[in-house]
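In what follows, a structure is listed as structure tokens, so that the remarks can point back to it.
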Amino acid sequence: MTVDASAPAGPPASAPSPVPALTERQEARRQRILRATQQLAARGGFDAVQMREVAESSEVALGTLYRYFPSKIHLLVATMQDQLEQLHDQLRRKPPVSTDPGERVAETLMRTFKALQREPHLAEAMMRALTFADRSVSAEVDAVNRLITDVIADAIHSGRPLTRAELAAVRVVTHTWHSTLITWLSGRASISQVKADIDTACTLVSQATSAE
């Protein structure tokens, strides 16, 4: 959809109600649910994740599970966010060391592929959920996309906002990461082909940074 910047603005939208923070007990329950989802998906992929089985494995009532996650798609997208947050923490503790920002981004993204390669059924389930997500899951999908951008931005240079040129390069790199992940999961690309495509896309990051 194209937005016409010259069109008159409509009435301001009301601000969304803040989501209340989870208590320690609620967060522990949420983490049990995500762990159960991860284990089921790792064993059998997308079809193995059934809400009733997740509830039983995480020892919560089915109604409670639906209050946390309204659908299987919500649940798997949240699982992907959780997996990316763990990876982001690992990357912060052991960041890439290349002096070239594009090479740092490429190394970062290949680490994500190697992590996903260890659990291909889980990776397939999470990516199918992202692909099937409709508007009801937009907040969760946006959170995943922001996290991927943050991971890439940290690899470029942590602690400073990205320039417009760098943001444009990051968008292309993110699209490349997403498409190569899908082609790899479907068996249409090898890891070496994935690396070649990511390396090529990441040259845009080097160009954008050197143009500052």
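The values are calculated or read from the model by the stated rules, or taken from the named source; none is laboratory data. What you see is a predicted model; the values in this text were computed from it and never measured. Note that we place each Cβ from the backbone using ideal geometry, even for glycine, and neighbour counts take in every protein chain shown.
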For this session: Considering each of Q38, Q90 in turn, give the residue that is within 30 Å of Q207 (Cβ to Cβ), among the polar types (S, T, N, Q) and either in a helix (DSSP H, G or I) or touching a residue at least 12 places away in the same chain (Cβ under 8 Å) (or both).
Result: Q90
Seminar exercise, completed: Of (1) at pLDDT below 95; (2) under 27 Å from V137 (Cα atoms); (3) assigned to a loop (DSSP other than H, G, I, E, B), P70 satisfies every one except (1)
For this session: Considering every residue within segment 57-66, establish whether at least one is of a type in the set (S, T, Y), outside any helix (DSSP H, G or I) and over 17 Å from T180 (Cα atoms).
Result: no
Problem set entry | Test: A155 is small (G, A, S), touching a Ser or Thr at 6+ places or on another chain (Cβ under 7 Å) and under 25 Å from D89 (Cβ atoms) | yes
Problem set entry | Within segment 185-209, tally of residues that are farther than 14 Å from T112 by Cβ, crowded, with 18+ Cβ neighbours inside 10 Å and β-branched (V, I, T) | 2
